[in-house]
Amino acid sequence: MDTRRSSSRTTLVRPLLNTKSAILAHYQESKRIQFVKNSIWVSILTGVILNVFGSFLGYLRAEIDEKVVEAAIDKKFIYYGMVKLMNETLAKQLLEKDFYVPSSIVRVLLTTAGRMMNVIGTMKIFRGFSSYLSEKKRLRLRVTAERFMDEGEGHGEWSDALAECCQLCAA
């Protein structure tokens, strides 16, 4: 067997016995590379879908909270007798209104499930992109990020951007 020395690694070169084994080896390598590429895109797509579902659950939670606040305000109008001061049609609608407020556990479950989907989706997207980047590019990105994050000129910008991102994901 022949060994060749590249810049930093020693690679082992195996002599191929015939063309059929060379073709099969190339096919298996291509199949493995294609599987990795497909899994990267599946991971990114899954992350995006999970983030969309998480955001939808957050939207549902906001709608429920809006209805709860409206019901509380309407109950206070009735309690303090302000219905008499209102327009007759509005007062009649308010008196006939059914005040249904969903359980607190439903709101907590919606919030928890939405945030979990957002976190898992973000992790999947990050994992897909990090495996997409080559090792050399990832190293360059890491060095650049460390330079900015280590109390450098971009430290304030990065921390502000991260804080805004976290606030958007939490909402």
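The values are calculated or read from the model by the stated rules, or taken from the named source; none is laboratory data. Remember, predicted model here, so these are calculated numbers, not experimental data. Here Cβ is always computed from backbone atoms with ideal geometry, including for glycine, and neighbour counts include all displayed protein chains.
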Tally up the residues in segment 55-105 that are of a type outside the set (D, E, K, R) and touching a Ser or Thr at 6+ places or on another chain (Cβ under 9 Å), please. 2
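Could you tell me whether I125 is surrounded by 12 or more Cβ atoms within 10 Å (Cβ to Cβ), of a type outside the set (D, E, K, R), at pLDDT 75 or above and under 18 Å from A170 (Cβ atoms)? If you could, list the steps in order and put the result at the bottom.
Working: surrounded by 12 or more Cβ atoms within 10 Å (Cβ to Cβ): yes; of a type outside the set (D, E, K, R): yes; at pLDDT 75 or above: yes; under 18 Å from A170 (Cβ atoms): yes.
In short, yes.
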May I ask you to say which residue of F35, F77 is surrounded by 14 or more Cβ atoms within 10 Å (Cβ to Cβ) and modelled with pLDDT under 80? F77
Using the structure shown, decide if V119 is modelled with pLDDT of 85 or more, in a helix (DSSP H, G or I) and surrounded by 14 or more Cβ atoms within 10 Å (Cβ to Cβ). yes
